[in-house]
Amino acid sequence: MVQISVNGKMIALDVAPDTPLLWCLRDHVGLTGSKYGCGIGLCGACSVLMDGVSVRSCSIPVSAVGRAKITTVEGLDDKVAKSLQAAWQKLDVSQCGYCQSGQLVSATALLRKKRNPSDADIDAALSGNLCRCATYVRIRAAVKEAAKALL
Amino acid sequence: MTTRKHNIQPSSRRDFIKLIGGLTLGFCLPGSRDATAAGATIADANAGVSAAFEPNAFVRIGADSKVTVIAKHLEMGQGVYTGLATLVAEELDADWDQVSVEGAPADAKHYNNLLWGPFQGTGGSTAIANSFDQLRNAGAIARAMLVSAAAGQWGVPAKDVSVSRGRLIHAATKRNASFGEFVVHAAELPIPTDISLKQAKDFIYIGKHVPRKDGKAKATGKAIFTQDIRLPGMLTGVVAHPPRFGSTVKGFDADAALQIPGVVDVVSIGNAVAVLGNDFWSAKKGRDALIIKWNDSNAFKLDSSEIMAQYNILARGPGAIARAEGDADTALRSAKKVIQAAFEFPYLAHAAMEPMNCVVRLGKGECEVWNGEQFQSGDQMALGQVLGISPEKIKLNMLFAGGSFGRRANPASDYILECARIAKAINGRAPVKLVWTREDDMRAGYYRPMFYHTIKAGLDAKGNLIAWKHRLVGQSIGTGTAMEAMMVKDGIDHTSVEGASNLPYQISNLTVDLHSPVIGVPVQWWRSVGSTHTAFSTETFIDELAVAAGKDAVAFRLALLTKHPRHVEVLKLAAAKAGWGKRLAPGAKGEKRGRGIAVHESFNSFVAQVVEVTVKADKSYKVDRVVCAVDCGIAVNPDIVRAQMEGGIGFAMSAAKYGAITLNDGVVDQSNFHDYRIVNISEMPKVEVHIVPSAKAPTGVGEPGVPPFAPALANAIAAATGKRLRKLPLVLV
């Protein structure tokens, strides 16, 4: 049995300790917003916040989570995240949408730290989140739009 | 645009419609509703209803005024749910916010792709093109019936009732009502036979901006993909595929796999072994613990370099003629200058972000599937054969697809059958979700075929292009599939030569021929299909000829496009917006900058792109800016057209910079995004999209943004460095 904090709730899981956090969330907690894309931390579709830092949940065994607070796309409810989600919709960023939970998680981590990010800041924070539909032009614009709305 | 009359036969369905208290145009409700009591009633009522109403199974309006558009096409990112809803809302005069969309069930009688005959499916950038009249009609019929119902209830002439943003209005008596207030009455009326569609000047949604219908769900993690389906008692299947194409299972040892907690069963399905677990991670650990002996006697064992060498040899002799005009050989002999080049294209994986997956639940004589369903008619047929069930008993739930780029429309229904075989192997005792890992997805084949092209062309003394000989060598996508009869004619698979055999340039002596070797590597259409390679060879070679003729690349093309005004328009537009002919700002020290252009027609849409590139001292390069002009007829959703061009450019850039699936002794070298790279946000250039205003019928946009990018990039690199890159991916050495 392992206990982890997800979106503000303590959750007890009866899983093998090497089970990646992603599959705990998806198959055992029932939170499917975080996606499986590559399984080795290359694509970012599985991104979640771990104590506020965007991490690849596919590559973190649940036993390594410890007391860290995990926030998934379903738990993004602060002003920054809401502003990003509004900008995402206003600019119609999503195409297939599969990677966008991860994009929003990473963008949230960025905007919480840096309220007025430059292109270089955005590139650095989001280059680990791949989008096969290549919605990158709009992701960049939406991050800026959200930043503007938060000023 | 003229207003047209559409004749629809009347019918009476009022009794069962009353039962659900809503107006349903057409009879086929989505599969997901069948489980409800109302659904069962509808299904029963459907049985006796005249088939004349079937084409209009696209709109449902509830007593709560909610308008549901039934989408017959897969939403895989291209925006089709929004596009189809736009067409209905336009003619219904619905408020955009009252409209929602749900996926249609598999039912080719109602939901066939009108450009594919009786076949239901999504692809070839046909979704909006084939639905444009059909879905506007569906909306217009609904509107007319609501107007009649309101007029009847209010005792006023129907012509005096107007509809605006979801409200029925009789101005003289200041009456104003919602759709919901009249759905019961409307359902009792005969379906009108005389429907007028709006003129373009009256459009309120078409050609304007409406937000995407899937935008909110996808920005909040709530959109449901196949990967997210979890049924009661469901098992997750992870498979061990053979290392080579064509291998089969000789034997396996499942002991270690079965020791893993959570692993429930291990089954062989002939060409793969599946481990079934209570969750993905258990099943995957079980799969990795399998010991399997493969029978490689019929396996494909060549290296990709050996395949290319064979293609090179084939290209020395003539192939099947795809197009022949004049006498290219004689003209080449008389030419002042002859130029030739050869081009190499690797296999490419689709690598959609959502690796292939599928959920199958088997019942007695029936089967239900959850899938990013792109090829309903083909999948029903294939599943029916494997399961011994009649195809119409197979229920397909069409979910959002996390990308496809062609992959989920597989003529062999490969991953769907794999899931069905696993479910069958356990006698249907539990629903099965098949989950491919990224590595499984990358190595399972169905690639964009490898191709080898040669082009030889001649210029006369004045620099006029007088001869063109284009030879292509590559696997046919259609051969050996159920589509063969449709796709392959006189030895020519149209998808091998599209973009080459319809070269738009005016050349009196022109030959295009094709070799279609049979190779044991499974191939499939990949976003823009033949144009993924034909646009590259033709548009880089025409550029090379322009240089050889001492002419400007745009002027040289324009002079040869006299019969192709739509090519001309996008070419001129892209050139003008990009500042073609003006000097590029110089790069930093040691950097070289260049600008290149390409124009290509695919799927009846016309796209030109100008690429600006910076080549660095270390020979790496960065695409700085892409200017794109597109003519896709009426742009139903201009912002989605722009999004498809932006995305098509990014998708094309991954292939141009990095894309290659290679084989070593038949084993695929690549496995994941580290060795099959796709571009990230830092590589994405500025993109400007310009849409040609048009009153012509809409054509596709999902694919046509892809083909011009790679040739425009290669032309830009040539402009910067003088080096012509003719082998994909484009690497400067």
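The values are calculated or read from the model by the stated rules, or taken from the named source; none is laboratory data. What you see is a predicted model, and the numbers here were worked out from it, not measured in a lab. Positions of Cβ are generated from backbone atoms using ideal geometry, with glycine treated the same way; all protein chains shown enter the neighbour counts.
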Which members of segment B:159-174 meet the condition of being among the charged types (D, E, K, R) and either surrounded by 11 or more Cβ atoms within 10 Å (Cβ to Cβ) or within 26 Å of residue B:210 (Cβ to Cβ) (or both)?
B:160, B:165, B:167
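Every residue, every condition in (1) out of contact with any helix residue (DSSP H, G or I) (no Cβ under 6 Å at 6 or more places or on another chain); (2) under 20 Å from residue B:726 (Cβ atoms); (3) assigned to a loop (DSSP other than H, G, I, E, B), yes or no:
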site: B:485; (1), (2), (3): yes, no, no
site: B:499; (1), (2), (3): no, yes, yes
site: B:517; (1), (2), (3): yes, no, yes
site: B:528; (1), (2), (3): yes, yes, yes
site: B:533; (1), (2), (3): yes, yes, no
site: B:538; (1), (2), (3): yes, yes, no
Residue B:382 surrounded by fewer than 19 Cβ atoms within 10 Å (Cβ to Cβ), in contact (Cβ under 8 Å) with a residue 12 or more places away in the chain and at negative phi:
no
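Every residue, every condition in (1) surrounded by fewer than 22 Cβ atoms within 10 Å (Cβ to Cβ); (2) part of a loop (DSSP other than H, G, I, E, B), yes or no:
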residue	(1), (2)
B:69	no, no
B:76	no, yes
B:85	no, no
B:105	no, yes
B:115	yes, no
Looking for whichever is touching a strand residue (DSSP E or B) at 6+ places or on another chain (Cβ under 7 Å), within 19 Å of residue B:436 (Cα to Cα) and either more than 13 Å from chain A (Cβ to nearest Cβ) or surrounded by 19 or more Cβ atoms within 10 Å (Cβ to Cβ) (or both) here; the options are B:245, B:225, B:300. Which one fits?
B:225
Can you name every residue in segment B:617-632 that is buried (at least 21 other Cβ atoms within 10 Å of the Cβ) and part of a loop (DSSP other than H, G, I, E, B)?
B:632
Among the residues of segment B:575-589, is there at least one that is hydrophobic (A, V, I, L, M, F, W, C), part of a strand (DSSP E or B), out of contact with any Cys (no Cβ under 6 Å at 6 or more places or on another chain) and in the same structural domain as residue B:705 (by TED's automatic domain parsing)?
no
Test of understanding: among A:141, A:120, which residue is over 11 Å from residue A:54 (Cα atoms) and at the interface with chain B (Cβ under 9 Å from one of its Cβ atoms)?
A:120
Condition set surrounded by fewer than 16 Cβ atoms within 10 Å (Cβ to Cβ) and modelled with pLDDT under 95, scope segment B:194-209, selection nearest to residue B:131 (Cα to Cα): answer is B:196
Residue B:364 - would you say it is touching a residue at least 24 places away in the same chain (Cβ under 8 Å) and of a type outside the set (A, V, I, L, M)?
no
For residue B:639, are the conditions met, namely being touching a residue at least 24 places away in the same chain (Cβ under 8 Å), surrounded by fewer than 21 Cβ atoms within 10 Å (Cβ to Cβ), touching a His at 6+ places or on another chain (Cβ under 7 Å) and in the same structural domain as residue B:531 (by TED's automatic domain parsing)?
yes
All-but-one check, residue B:88 against (1) under 27 Å from residue B:224 (Cβ atoms); (2) touching a Ser or Thr at 6+ places or on another chain (Cβ under 9 Å), failing number (2)
Any idea which residue in segment B:644-699 is nearest to the other protein chains (Cβ to nearest Cβ), counting only those that are assigned to a strand (DSSP E or B) and closer than 30 Å to residue A:119 by Cα?
B:687
Take segment A:86-103 and flag every residue that is within 22 Å of residue B:209 (Cβ to Cβ), at the interface with another protein chain (Cβ under 7 Å from one of its Cβ atoms) and either buried (at least 24 other Cβ atoms within 10 Å of the Cβ) or of a type in the set (A, V, I, L, M) (or both).
A:88, A:92, A:94, A:95, A:96, A:97, A:100
When segment A:1-36 is examined, which residues are found to be without any contact (Cβ under 8 Å) to a residue 40 or more places away in the chain and touching a Ser or Thr at 6+ places or on another chain (Cβ under 6 Å)?
A:22, A:26
If I ask for residues that are closer than 30 Å to residue B:252 by Cα and surrounded by fewer than 19 Cβ atoms within 10 Å (Cβ to Cβ), which ones from segment B:303-331 would you list?
B:303
Tell me the residue from B:191, B:206 that is more than 14 Å from chain A (Cβ to nearest Cβ), aliphatic (A, V, I, L, M), in a loop (DSSP other than H, G, I, E, B) and under 30 Å from residue B:642 (Cβ atoms), please.
B:206
What's the number of the condition residue A:83 fails, among (1) part of a helix (DSSP H, G or I); (2) surrounded by 24 or more Cβ atoms within 10 Å (Cβ to Cβ)?
(2)
From the set of residues in segment B:233-242 that are within 13 Å of chain A (Cβ to nearest Cβ) and out of contact with any Phe, Trp or Tyr (no Cβ under 8 Å at 6 or more places or on another chain), which is nearest to residue B:425 (Cα to Cα)?
B:235
Residues of segment B:215-254 being in contact with a Ser or Thr (Cβ under 7 Å, 6 or more places away or on another chain) and either modelled with pLDDT under 95 or more than 28 Å from residue B:278 (Cβ to Cβ) (or both), which ones?
B:215, B:218, B:219
Flagged in segment A:23-52 as under 18 Å from residue A:8 (Cβ atoms) and either more than 9 Å from the chain's Cα centre (by Cα) or facing chain B (nearest Cβ under 7 Å) (or both), in numbering order, are A:24, A:25, A:28, A:29, A:30, A:31, A:33, A:50, A:51, A:52
Need the failing condition index for residue A:114 against (1) among the basic types (Lys, Arg); (2) more than 9 Å from chain B (Cβ to nearest Cβ); (3) crowded, with 24+ Cβ neighbours inside 10 Å, just the number.
(3)
Looking at this structure, is residue A:55 buried (at least 16 other Cβ atoms within 10 Å of the Cβ), assigned to a strand (DSSP E or B) and in contact with a strand residue (DSSP E or B) (Cβ under 8 Å, 6 or more places away or on another chain)?
yes
Test residue A:149 against the stated conditions and say whether it is assigned to a helix (DSSP H, G or I) and within 11 Å of chain B (Cβ to nearest Cβ).
no
Restricting to segment B:374-423, give me the number of residues that are within 14 Å of chain A (Cβ to nearest Cβ) and part of a helix (DSSP H, G or I).
0
So residue B:235, is it surrounded by fewer than 18 Cβ atoms within 10 Å (Cβ to Cβ), within 25 Å of residue B:361 (Cα to Cα) and not basic (Lys, Arg):
no
It is to be established whether one or more residues within segment A:107-114 are touching a residue at least 24 places away in the same chain (Cβ under 8 Å), touching a strand residue (DSSP E or B) at 6+ places or on another chain (Cβ under 8 Å), under 26 Å from residue B:399 (Cα atoms) and in a helix (DSSP H, G or I).
no
